[in-house]
Amino acid sequence: MTKVAVVILNWNGEKLLDEFLSVVIANSQVEGVEIIVADNASTDASIQLLKAKYSSVCIIELDENYGFTGGYNRALKQVKAEYFILLNSDVAPGSNWLPPLIKEMDAYPKTAICVPKIKSYRQPTHFEYAGAAGGYIDKYGFPFCKGRIFNHIEEDKGQYNQSASIFWASGAALMIRSKLFFESGGLDEDFFAHMEEIDLCWRLKNQGWDVKYIAKSEVFHLGGATLDYQNPRKVYLNFRNNLFLLVKNLGKNKLLLKLAQRMIFDGIAAIKFLVSGELQSFMSVIKAHLSFYRQFGKMYRKRLAYLKQVKITRHNEIYAKSIVVQFFIKDKTKFNELEGLE
């Protein structure tokens, strides 16, 4: 069995593969590491490029585009390794990115998932939106990161150079024990893409496992390569999947109140989009809620089945205040400025 399988999911990413894959290969020369590209039925020349230029890379060809969730679920069933790394095709790893991640997993058996520091490929002095220095959520389910709150991204000045337990790890560069990936049911395919990694981390944390940010490991993420962060499709998936996330994972006696509160926040966001002239984003929120209502029963059944298996406890990495109030009303734009941090 391979020690570490670095698995890159690709869909029509020929240009990204040609730009980033050579860096992945060069900086992953560690014993027991295999690099794999799982292709979601690309219609461009991705496969031809891999075969012609990157013959050392193993290729898994899927028969259709199953999205991020379905693509990884199907591809990883074909991979034999102790640890998986889910790596986006637009990530350039740093020269020493793998040893600190492997060391964490080998030394701490309770760590289910770990993630490197994620910085911007375009602006390497700064963190990157999708992960930064580790993910958190607030009491209403809004995700944010050390180094990135909503659209405010911090410069990396060493302020988050301490490894720590976090709430969620970015799917841009996520290491997980293969055994736990399969035992937990993998990624929820009803999410298709976006926030599925938060769902996975939350499920594992509810089962008593740790999720860690490893500061000595560093990668550089282009971000928004598949869908721009303001893309209406991305807005739709983020709003819908955030509601899915709450239904599946919130503790007993909290769900209805939290959902009602989130509906108010989402309504305010929709009005803000409308007033700002962002009609597509406004419609994306409406469509997200309609989709959520249609699938509520399905998600609730998943919740009931899940709650039979785990006892949900309080997690210190769930921020006890509202990140919306902190950011938009109290002007707290940096993680270290947030009130009530433990």
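Values quoted throughout were computed directly from the atomic coordinates according to the rules given, and no laboratory measurement underlies them. These numbers come from a predicted model, not from an experiment. Here the Cβ is made from the backbone with ideal geometry for all residues, glycine too, and neighbour counts use every protein chain on show.
So here's what we get for this one:
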{"read-out": "Shape call, the range 198-280: gyration tensor on alpha carbons, a/c limit 1.5", "value": "oblate"}
{"read-out": "Within the chain: Cβ-based charge dipole about Cα centre, in debye rounded to nearest 20 (Lys, Arg +1; Asp, Glu -1)", "value": "1480"}
{"read-out": "Percentage relative contact order, the range 2-221, counting C-alpha pairs under 8 Å, at least six apart", "value": "25"}
{"read-out": "Given 15/110; 212/321; 139/287, the pairs whose alpha carbons are separated by over 29 Å", "value": "15/110"}
{"read-out": "Dipole axis of the chain (+1 Lys, Arg; -1 Asp, Glu on Cβ), positive-most option in 235, 329, 48", "value": "329"}
{"read-out": "Separation of alpha-carbon centers, the range 70-101 and the range 116-139, rounded to whole Å", "value": "18"}
{"read-out": "Cβ-based exposure ranking for 289, 152, 194, in which fewest neighbours within 10 Å come first", "value": "152, 289, 194"}
{"read-out": "Cβ-defined net charge surrounding residue 118, 15 Å radius [Lys, Arg +1; Asp, Glu -1]", "value": "0"}
{"read-out": "Length released on extending from residue 337 to residue 150, taking residue separation times 0.36 nm less the Cα-Cα span", "value": "65.9 nm"}
{"read-out": "Summed side-chain charge close to residue 183 - residues other than residue 183 whose Cβ falls under 11 Å, Lys, Arg +1, Asp, Glu -1", "value": "+3"}
{"read-out": "Per-residue [θ]222 nm for the chain (sum of -39500 (n - 2.57) over DSSP H runs n ≥ 4, rounded to 500)", "value": "-12000 deg cm²/dmol"}
{"read-out": "Taking the range 157-226 and dividing mean pair separation by its residue count, relative contact order in percent (alpha carbons under 8 Å, at least six apart)", "value": "50"}
{"read-out": "Rounded, prolate or oblate (a/c below 1.5 giving rounded, otherwise prolate when a/b exceeds b/c) for the range 84-146 by Cα gyration tensor", "value": "oblate"}
{"read-out": "Dipole of the range 1-91, positive direction: furthest Cα of 67, 79, 11, with charges on the beta-carbon", "value": "79"}
{"read-out": "Ascending count of other beta-carbon atoms within 10 Å, so fewest first, for 125, 333, 111", "value": "125, 333, 111"}
